[in-house]
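Student: A single structure is presented below for examination.
Readers should treat all values here as calculations from the given coordinates under stated rules, not as data from a laboratory. These numbers were taken from a predicted model, which means no experiment stands behind them. So basically every Cβ, Gly included, is an ideal-geometry build from the backbone, and we count neighbours across all protein chains shown.
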Amino acid sequence: QDCTQKYIVKNYFYYYLFKFSAALGEEIFYITFLPFTYWNIDHSVSRRMIIVWSIVMYIGQVSKDILKWPRPLSPPVVKLEMRTNAEYGMPSTHAMAATAISFSFFIATMNQYKYPFELGLAVAFVFSTLVCLSRLYTGMHTVLDVIGGALISAGLLVLLYPAWDTIDHLLLTSPFCPLLSIAVPLVLCYNYPKLDYYSPTRGDTTTILGAAAGATVGFWLNNQYSASAYTSQSVQPGFALITSAMVFVLARFLVGILVVLLTRWAMKSLVLGVLGYRYKFPMGDVAARRRREVEVPYKFVTYSCVGFTATVVVPLLHGLLGLL
């Protein structure tokens, strides 16, 4: 039986470095970086990252609950996180997500933007390595969990890469895209492997698939109606160019993330209220929120709205505010 241990931090540099690195595999990173890429870098890069991320994470989460390999015992390991302690350990989905996002971003941008190949490769490697090491430092995974997660993610990336353009084309043009983007993830979430006890893996998986589903519908809708793309502002070169670009990037991000977070808050309250009325439980009932008939629609509807808002509503608002 795992237990909470007291600990003394002797090296605050490593402590904060790896606590920060661990956050790069959490919702706070996904909900900021992925939309930021869509609003400020490139739509095609964002689409590829989101598709790879959702596929890799679904396979990783399901693999955990099929393999059922336990996390490191505490003691002797000191665990610095408790939220995901109920999950199984193999493979590390932090390692999988970090590898998938960093290297898919690198692969998707290396032929579109001018930067040294070695630099891009090094940044992707350092990013994924820091996240992997953070899982060891925080006591949440063994070395085998982390290596396994990174290798599985790399293998899936290799398998998906040849089909990137085909998948992207179908997502943008197929008339069946909206229906399948919602139906397939919902079926997967409702048929998630059952466990003997509650684990947050099903809820986290539903969150990821819901966000990807909403974003995918948004991608399709934008393409069908030829939504305005983000363009660079015409300003004088030099310092003025850099300053203007940074102002627009920051403005897009702040406006966008505010709308996304408001959507997340509003939909959580609304959906939970409707489900509470339907299944007769108070909103504060944690046990009721863990039931499949509540957790899946609660997470899926909330985060599909978040994904849709980030890809459709926010760009429209940017256009109204002159931020395109």
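Student: Once you've got the GNM for the chain with C-alpha springs shorter than 10 Å, pick whichever of 214, 148, 273 has the biggest mean-square fluctuation.
Tutor: 273
Student: Tell me, what ³J(HN,Hα) does each residue in segment 101-114 have, in order and in whole Hz, if you take phi through Karplus 6.51 cos²θ - 1.76 cosθ + 1.60 with θ = phi - 60° and put x for Gly and Pro?
Tutor: Once rounded to whole Hz, the list reads 5, 5, 7, 5, 5, 5, 5, 6, 9, 5, 9, 9, 10, 8.
Student: Enumerate the calculated ³J(HN,Hα) couplings along segment 267-275 in order (Karplus 6.51 cos²θ - 1.76 cosθ + 1.60, θ = phi - 60°), each rounded to whole Hz, writing x wherever the residue is Gly or Pro.
Tutor: For segment 267-275, the Karplus-derived couplings read 5, 4, 5, 5, 5, 5, x, 5, 5 Hz, x marking Gly and Pro.
Student: When the chain is modelled as a GNM with alpha-carbon springs shorter than 10 Å, which of 243, 206, 263 fluctuates the most?
Tutor: Per the Cα network of the chain with a 10 Å cutoff, 243 tops the list.
Student: Rounded to whole Å and ordered largest first, report the semi-axes of the equivalent ellipsoid of segment 1-165 derived from its Cα gyration tensor (root of 5λ).
Tutor: Three semi-axes, in Å: 29, 18, 13.
Student: Can you tell me the order of 21-32, 165-176 when each peptide is scored by its average per-residue count of other Cβ atoms within 10 angstrom, highest first?
Tutor: 21-32, 165-176
Student: Show me, for segment 8-13, the HN-Hα J-couplings you get by feeding each phi into the Karplus relation (A = 6.51, B = -1.76, C = 1.60, θ = phi - 60°), rounded to Hz, glycine and proline as x.
Tutor: Result, rounded to whole Hz: 10, 7, 9, 10, 5, 4.
Student: Something else about it: Of the candidates 145, 204, 196, which one comes out as most mobile in a Gaussian network treatment of the chain with C-alpha springs shorter than 10 Å?
Tutor: Result: 196 has the largest fluctuation of those listed.
Student: Based on Cα positions only, what radius of gyration and what Dmax would you give for the chain, in angstroms?
Tutor: For the chain, the Cα radius of gyration and maximum Cα-Cα distance read 20.4, 64 Å.
Student: In addition: Whats the longest run of the chain with zero trypsin sites (Lys or Arg not before Pro) that are DSSP loop and have at most 13 other Cβ atoms within 10 Å?
Tutor: No qualifying site falls inside 195-279, the longest such stretch.
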